[in-house]
Amino acid sequence: MTVTRATLALAMALITLPGCQKPAGPPRDSVAAYPADWPQFGRTEGSQGFSPLTRINAGNVGQLGLAWSFDLEPGHSVTAPVEANGVVYLATRHSLVTALDAVTGKQLWRYDPHSPEVAGLKLRRAWGSRGLAYDDGRVFVGTMDGRLISLDAKTGKEAWSVATGQPGDDRFITGAPRIFNGKVLIGHGGGDVVPTRGYVTCYDAKTGKQLWRFYTVPGPGAPEDEAQAAAAKTWHGEAWKAGGGGVVWNAMTYDAEMNRVYIGTGNAEPYDRSLRSEGKGDNLYTAAIVALDADTGKYVWHYQVNPGEEWDFDADMDMLPATLNIDGKPRKVLMQAPKNGFFYVLDRETGKPISAEPFATVNWATKIDLVTGRPVEVDAARFHGKAAFLMRPTPTGAHNWLPMAFSPKSGLVYIPVSERGVKWADPFPDYLPRLPEGDHSYLKAWDPIRQKAVWQVEAAGPFPGGAIATAGDLVFQGQMDRSFNAFAAADGKKLWSFDARAPAIAPPITYEVKGVQYVTVITGFGASASLFLQPEQRITNLDYRAMPRRVLTFALGGKATLPPAPAAPAQVAAPDPDFKPDAARMSRGAGAFAANCILCHGINVVAAGAAPDLRYSPAVTAMENFASVVRDGALLARGMPRFDELTADQTEDIRFYVRARARESADVRHAGVKPSGG
Ligand code: HEC
């Protein structure tokens with residue numbers, strides 16, 4: 001099967017979630033601010049993922065039960081809800097926003113930005129919304145087509161909407177906007193396929209007026225300011241023509257003490273440095289943490305985790321500001337566990353590393369040199385012109401966007417960690433990630449001062465869920481095996497577990513309404529490529545339509561129940577008596593499928609929850625149905641992109657290939673053999 005470079009890059013990337021300027025005073029970000037609510041991603045502006053609530057605690061969590069559930073339709077649901085003033089807000093699918101009464105689970109309103117209909121080519125990037133934000137009577141959400149939208153939190157009516165991208169660009173929004181000081185900050189995805197100059201933009205939360213923008217990589221023409229001039233010196237040739245990258249698709253953190261924002265930037269684009277920067281240079285500010293003045297967006301400092309990045313090692317993972325006692329002195333630090341496997345503790349006043357140690361298996365570098373701040377790479381990691389290199393971690397990261405949490409009470413950081421390896425080979429277009437059996441994942445409690453794991457529990461499958469910590473000495477985290485769990489913050493003992501009937505890896509939240517503490521998590525899963533996900537299909541039913549997706553809310557003494565998990569659907573291919581083998585068609589169809597369809601429908605047509613498994617789809621056996629879905633966009637509003645550039649013949653090639661795969665799968669199943677491929 002031909003897998004184009006662009007498709008693979010994309011697959012790798014995808015698998016890969018008030019008032020005016022505040023004067024000095026107690027930092028808004030302290031745990032004392034809005035203790036009852038969870039108004040944005042990670043709860044506070046500093047995104048620590050920690051709640052000071054204690055009604056549900058290590059002593060009574062055994063009595064936690066389901067208070068209510070709310071059924072969601074098929075589509076993306078690995079997303080972080082928020083809660084404010086007794087209302088839970090969530091953005092599922094392509095930013096479909098739902099407001100639910102937190103006590104009863106009753107729907108208050110819904111808002112649909114109709115993103116699939118206007119997203120055009122961007123809809124092909126799979127994904128959906130990973131979260132939203134609440135502030136001062138407004139809800140904020142980004143869309144796949146690049147809009148940032150503000151809604152009236154009471155009614156769901158649009159207050160304002162701005163286009164954050166440029167006409168014809170590849171910038172799309174999946175991440176949650178972050179709010180501080182009456183401002184909204186948003187970045188974008190898109191630094192993997194089409195040359196894209198990454199940026200973050202800050203808007204006035206009331207009006208949507210643009211306040212500032214910071215570019216993460218230089219553009220063509222004269223540098224806009226000193227920060228861009230400094231970055232331009234680290235690129236060679238006409239870099240902007242080939243790529244750029246550094247997109248901020250997730251991590252943005254406000255530091256109230258210093259009135260700064262930290263942004264985490266993505267991989268350099270394209271991955272191969274020889275194609276973008278004559279094979280040299282650090283390529284700032286990709287794969288880096290950049291500190292910006294929160295009022296002006298002006299550069300303050302940067303720390304690059306991977307200079308001259310070539311492995312999709314984003315630093316887009318959450319960054320947690322804290323004050324830690326290091327060598328007897330309180331130090332203002334910023335902590336990040338990016339994809340590359342090192343846990344960084346930076347001095348957030350200067351951006352200098354204080355310590356950096358591996359929190360997962362790392363074989364691309366021996367250590368981080370704290371004097372230069374640079375990783376000491378092993379030679380084999382720059383694999384161009386060398387033997388293939390089985391690298392750990394992978395482009396999906398030792399830690400990805402599903403957040404870690406920091407408990408100031410236990411002093412520990414709770415990290416969802418993946419242990420995986422991927423083979424990189426030269427020439428690049430021919431590499432295929434090969435995942436050794438026995439991938440593992442963990443929830444790790446990490447001591448950021450000693451840079452050591454204190455405890456770890458193994459999680460099912462390679463993708464462990466996002467974690468939160470509470471002052472009730474608990475860590476909540478769900479897993480692919482459908483369990484949603486509470487662990488003792490101190491030693492990792494599992495104190496409570498609930499069968500969520502579907503994977504529950506989305507970041508949970510906790511909040512209090514009228515003296516009752518609740519915990520909410522959204523269930524469901526959809527991988528954009530089955531290539532990484534074969535093992536899970538054996539542990540859970542990931543069928544796009546059959547898998548239940550729900551909002552689950554728990555309280556002490558909750559007595560609500562869920563229907564049993566549905567059995568996996570029969571997966572029988574529709575009768576197809578007219579099918580006749582044709583090798584040439586098969587090969588053309590396989591190529592076109594790989595180039596256009598695998599992200600959602602899966603490698604070798606084995607789907608993993610992001611879209612229906614086409615081998616068993618009745619829409620495939622009839623040519624007209626198939627063409628109306630694929631070329632005319634009959635299911636566009638439901639998230640199936642329109643491929644109107646495909647000719648009738650190419651569409652038939654794809655349909656032929658899908659039918660062939662359906663027969664193959666059926667035949668092998670009958671013979672009692674594991675289906676090939678994937
Ligand atoms: C960005 C994700 C995405 C991509 C890329 C994509 N699809 Fe889909 N596709 C979907 C989703 C989601 C649905 C289900 C829509 C619904 O709810 O009915 C779907 C449904 C379909 C269906 C109808 C299946 C059924 O049983 O209802 C067909 C046929 C189909 N896609 C073919 C293709 C082909 C062929 C390609 C490549 C040319 C492709 N799709 C690429 C997301 C995608």
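The values are calculated or read from the model by the stated rules, or taken from the named source; none is laboratory data. Since the structure is predicted, the reported quantities are computational estimates derived from the model, not experimental observations. Cβ placement follows ideal geometry from the backbone for every residue including glycine, while neighbour counts extend to all protein chains displayed.
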**Asked** Within region 40-71, can you find the residues that are crowded, with 22+ Cβ neighbours inside 10 Å and closer than 30 Å to LEU123 by Cβ?
**Response** GLN40, PHE41, GLY42, SER47
**Prompt:** Can you tell me how many residues in region 158-175 are away from the ligand (no atom under 16 Å from the Cβ) and part of a loop (DSSP other than H, G, I, E, B)?
**Reply:** 8
**Single match in THR651, THR647 (criterion: at pLDDT 95 or above, more than 22 Å from GLU73 (Cβ to Cβ) and either surrounded by fewer than 17 Cβ atoms within 10 Å (Cβ to Cβ) or basic (Lys, Arg) (or both))** = THR647
**Asked** Pick from ARG138, ARG130, ARG110: which is buried (at least 22 other Cβ atoms within 10 Å of the Cβ), away from the ligand (no atom under 14 Å from the Cβ), of a type in the set (Lys, Arg) and modelled with pLDDT of 95 or more?
**Response** ARG130
**Message:** Here are the criteria: (1) hydrophobic (A, V, I, L, M, F, W, C); (2) surrounded by 24 or more Cβ atoms within 10 Å (Cβ to Cβ); (3) under 24 Å from PHE41 (Cα atoms). Tell me which single one LEU284 does not satisfy.
**Reply:** (3)
**Which listed residue is out of contact with any Ser or Thr (no Cβ under 6 Å at 6 or more places or on another chain), closer than 21 Å to MET252 by Cα and of a type in the set (Val, Ile, Thr), from VAL139, VAL118, VAL103, VAL97** = VAL139
**Fill in**
Picking from GLY46, GLY25, GLY42, the residue that is at pLDDT below 95, under 19 Å from the mean Cα position of the chain (by Cα) and not acidic (Asp, Glu) would be GLY46
**Message:** Looking only at residues that are crowded, with 19+ Cβ neighbours inside 10 Å and of a type outside the set (A, V, I, L, M, F, W, C) in region 617-641, which one is nearest to the chain's Cα centre (by Cα)?
**Reply:** GLY639
**Asked** Yes or no: THR155 part of a loop (DSSP other than H, G, I, E, B), among the β-branched types (Val, Ile, Thr) and under 15 Å from the mean Cα position of the chain (by Cα)?
**Response** no
**Complete:** Just one listed residue, out of ALA574, ALA568, is outside the structural domain of ASP543 (by TED's automatic domain parsing) and more than 14 Å from the ligand (Cβ to nearest atom), and it is ALA568
**Pairs where the first residue, in region 629-640, is of a type in the set (A, V, I, L, M, F, W, C) and the second is in a helix (DSSP H, G or I) and within 6 Å of the ligand (Cβ to nearest atom), C-beta under 6 Å, 6+ apart** = VAL629/ALA619; LEU635/VAL629
**Item:** Which numbered condition GLN166 misses (of (1) surrounded by 20 or more Cβ atoms within 10 Å (Cβ to Cβ); (2) over 22 Å from the mean Cα position of the chain (by Cα))
**Value:** (1)
**Failed item, numbered, when ALA506 is tested on (1) in a strand (DSSP E or B); (2) modelled with pLDDT of 95 or more; (3) small (Gly, Ala, Ser); (4) buried (at least 20 other Cβ atoms within 10 Å of the Cβ)** = (1)
**Prompt:** If GLY244 passes every condition in (1) under 14 Å from LYS183 (Cβ atoms); (2) crowded, with 24+ Cβ neighbours inside 10 Å but one, which one does it miss?
**Reply:** (1)
**Request:** List every residue pair whose Cβ atoms sit under 7 Å apart, with the two residues 6 or more apart in sequence or on different chains, where the first one lies in region 312-332 and is surrounded by 24 or more Cβ atoms within 10 Å (Cβ to Cβ) and the second, anywhere, is among the basic types (Lys, Arg).
**Result:** PHE313/LYS339; ASP314/LYS339; MET317/LYS339; PRO321/ARG348
**Asked** Just one of the numbered conditions (1) of a type in the set (Lys, Arg); (2) surrounded by fewer than 24 Cβ atoms within 10 Å (Cβ to Cβ); (3) in a strand (DSSP E or B) is not true of LYS444; which one?
**Response** (2)
**Request:** Tell me which residues, restricted to region 176-210, are surrounded by fewer than 24 Cβ atoms within 10 Å (Cβ to Cβ) and assigned to a loop (DSSP other than H, G, I, E, B).
**Result:** ASN181, GLY182, VAL193, VAL194, PRO195, LYS206, THR207, GLY208, LYS209
**Asked** Which is within 13 Å of the ligand (Cβ to nearest atom), under 30 Å from LYS122 (Cβ atoms), assigned by TED's automatic domain parsing to the domain that holds TYR89 and modelled with pLDDT of 95 or more, of ARG642, ARG545, ARG549?
**Response** ARG549
**Message:** Can you report the number of residues in region 114-127 which are within 9 Å of the ligand (Cβ to nearest atom) and not in a helix (DSSP H, G or I)?
**Reply:** 2
**Request:** Any chance you could count how many residues in region 364-379 are farther than 20 Å from HIS302 by Cβ and surrounded by 12 or more Cβ atoms within 10 Å (Cβ to Cβ)?
**Result:** 4
**Request:** Quick one: in region 449-482, of everything that is at positive phi and at pLDDT 95 or above, which residue is surrounded by the fewest Cβ atoms within 10 Å (Cβ to Cβ)?
**Result:** GLN451
**Request:** Could you tell me whether LEU614 is near the ligand (Cβ under 7 Å from one of its atoms) and either in contact with a helix residue (DSSP H, G or I) (Cβ under 6 Å, 6 or more places away or on another chain) or not assigned by TED's automatic domain parsing to the domain that holds THR92 (or both)?
**Result:** yes
**Message:** Of everything in region 595-606, what is under 23 Å from THR523 (Cα atoms) and within 9 Å of the ligand (Cβ to nearest atom)? Give them in sequence order.
**Reply:** LEU599, CYS600, HIS601
